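**Q** What follows is a structure written as structure tokens; I'll ask about it next.
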Amino acid sequence: MKGLLIPPSSILCRAQEALQRARAAASTLTSVRKQAEIAAAAWAKEAVAAEHRERRKLAAAEREGQFAERNAGPFGDAAVLAST
């Protein structure tokens, strides 16, 4: 599975955003402050994307769970096939 990356979680992204914002606030150097603010904005954008991914995964898991509950009879999927 070489080359597969795990996308960052929204929690990690928000933590990195906060770290960069703190770094920007603490710096006396303009260049460091600017770079930290740019990095914070990038982490914030990634956090929004991560939140969307996490919501989609949660919704898919809930749909899958509802499907499994509906088909959890003594015959499982066979009962569904027999009724169609």
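None of the figures in this text is laboratory data; all of them are computed from the coordinates on show. Only a predicted model underlies this, so the values are computations on that prediction, with no experimental measurement involved. As a convention, Cβ positions derive from the backbone with ideal geometry for all residues, glycine included, and neighbour counts pool all protein chains shown.
**Q** Okay, which of segment 7-40 sit inside 15 Å, backbone N to the point 7 Å along the Cα-Cβ direction of Arg53?
**A** Within reach of a label on Arg53: 7-16.
**Q** Please say if segment 13-59 is rounded, prolate or oblate, where rounded means a/c under 1.5 for a ≥ b ≥ c the square roots of the C-alpha gyration tensor eigenvalues, and otherwise the choice is prolate for a/b larger than b/c and oblate otherwise?
**A** The shape class here is prolate.
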